[in-house]
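> Would you mind keeping the following structure in view while I ask a few things?
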Amino acid sequence: MTLDNQKVVIVGGTAGIGLAVAKAVVSQGASVVVASRSQDKVEQAKAVINGVVEGYTANVTNEQSIQSLFDRIGEFDHLVLTPGEPVTFTSFLQSDLSYVRRIFETKFWGQYLCIQYGAARIKRNGSITLMSGSGSPSKGTSALACINGAVEALSKTLAVELAPVRVNVVRPGMIDTDLWSKFPLQERHQIYGKVGKELLVGRIGTPEEIAQTYLYLMNSGFTTGTALTIDGGTL
């Protein structure tokens with residue numbers, strides 16, 4: 001499997017899982033375009049990705065920004081979507097609707113807009129890979145559960161509507177990324193340790209492990225309409 005001479009666009013590609021995917025695709029011979037809200041993060045990502053890389057700033061909650069991004073990029077082979085907001089646990093009855101709407105704007109509507117403006121530029125044998133998330137129903141996760149369900153429902157419909165472009169979803173479990181940055185470092189490691197002990201593999205995951213799933217979905221021409229769960233046995 002190889003991505004030689006292919007072009008991969010990664011929205012959210014300057015940190016965490018997105019950055020790991022960017023590094024992985026250039027190792028397979030692809031060129032990569034990374035996009036992020038932060039120009040500083042774009043420049044930092046370009047400095048650590050060892051290959052052909054372009055970087056742009058784009059705000060996934062702004063339709064005009066997304067349209068402008070894809071106008072600049074032109075034709076490409078694969079679209080990878082990894083936008084997200086820092087993790088926060090809030091009970092349903094106490095949740096602030098403005099917070100719920102904000103994370104919907106980023107993780108659901110952000111991915112929706114990227115596909116709407118990017119799909120027509122994807123080559124016939126290309127792919128789109130969205131991100132949802134894996135986890136058992138638990139207190140404080142109602143907003144995330146709704147978003148992940150919406151992302152997966154959208155992906156199945158788009159697999160039909162956008163064929164032969166393939167559309168899939170990655171469902172990561174707990175991964176050590178900066179989305180946990182709202183928690184102090186010591187508390188974060190306590191959470192990682194507690195959850196890791198409960199998983200079948202005995203630890204939480206790394207961005208590089210999730211990146212391998214994105215590579216598989218880009219390379220596998222017979223996989224579409226699927227959500228792959230990579231969560232260390234959480235479910």
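The values are calculated or read from the model by the stated rules, or taken from the named source; none is laboratory data. Model, not experiment: these values are computed from the prediction. Neighbour counts are summed over all protein chains in view; Cβ atoms, including those assigned to glycine, are modelled from backbone coordinates with ideal geometry. Each accessible area value is taken on the protein alone, full model and side chains, heavy atoms only, with ligands, DNA and RNA left out. Shrake-Rupley method; radii C 1.70, N 1.55, O 1.52, S 1.80 Å.
> Could we say that Ala30 is modelled with pLDDT of 95 or more, of a type in the set (Gly, Ala, Ser) and either under 27 Å from Val160 (Cα atoms) or open to solvent by 80 Å² or more (accessible area, probe 1.4 Å) (or both) here?
Answer is yes for this residue.
> If you scan segment 31-46, which residues turn out to be of a type in the set (Val, Ile, Thr) and either in a helix (DSSP H, G or I) or under 14 Å from Ala58 (Cβ atoms) (or both)?
Hits for segment 31-46 are Val33, Val34, Val42.
> I need the strands (runs of 3 or more DSSP E) fully contained in segment 122-235, keeping only those with at least 3 residues that are under 29 Å from Asp71 (Cα atoms), in contact (Cβ under 8 Å) with a residue 12 or more places away in the chain and open to solvent by less than 20 Å² (accessible area, probe 1.4 Å).
Working: elements: 122-131, 166-172, 227-230.
Correct list: 122-131, 166-172.
> Here's something else I'd like to know. Residues of segment 55-84 being out of contact with any Asp or Glu (no Cβ under 9 Å at 6 or more places or on another chain), closer than 27 Å to Leu217 by Cα and assigned to a loop (DSSP other than H, G, I, E, B), which ones?
Ala58, Asn59, Gly74, Glu75, Thr82, Pro83, Gly84
> Same structure again: Which of the following residues is more than 16 Å from the chain's Cα centre (by Cα) and within 19 Å of Gly16 (Cβ to Cβ): Thr82, Thr88?
Going through Thr82, Thr88 in turn, just one is more than 16 Å from the chain's Cα centre (by Cα) and within 19 Å of Gly16 (Cβ to Cβ): Thr88.
> Against the condition within 19 Å of Gly12 (Cα to Cα), part of a strand (DSSP E or B) and open to solvent by less than 40 Å² (accessible area, probe 1.4 Å), how does Ile115 come out, does it pass?
In short, no.
> For residues that are touching a residue at least 60 places away in the same chain (Cβ under 8 Å) and part of a helix (DSSP H, G or I), tally how many sit in segment 15-30.
Total satisfying the criteria: 9.
> Still on this structure: How many residues are at pLDDT 95 or above, of a type in the set (A, V, I, L, M, F, W, C) and over 21 Å from Ala211 (Cα atoms) if we restrict to segment 102-132?
4
> Go through (1) of a type in the set (Val, Ile, Thr); (2) under 21 Å from the mean Cα position of the chain (by Cα); (3) farther than 21 Å from Glu152 by Cβ and name the single condition Thr213 misses.
Result: Thr213 passes all but (3).
> Shifting gears a bit: Restricting to segment 49-107, count the residues that are open to solvent by 40 Å² or more (accessible area, probe 1.4 Å), within 24 Å of Gln6 (Cβ to Cβ), of a type in the set (S, T, N, Q) and in contact (Cβ under 8 Å) with a residue 12 or more places away in the chain.
So the count comes out to 3.
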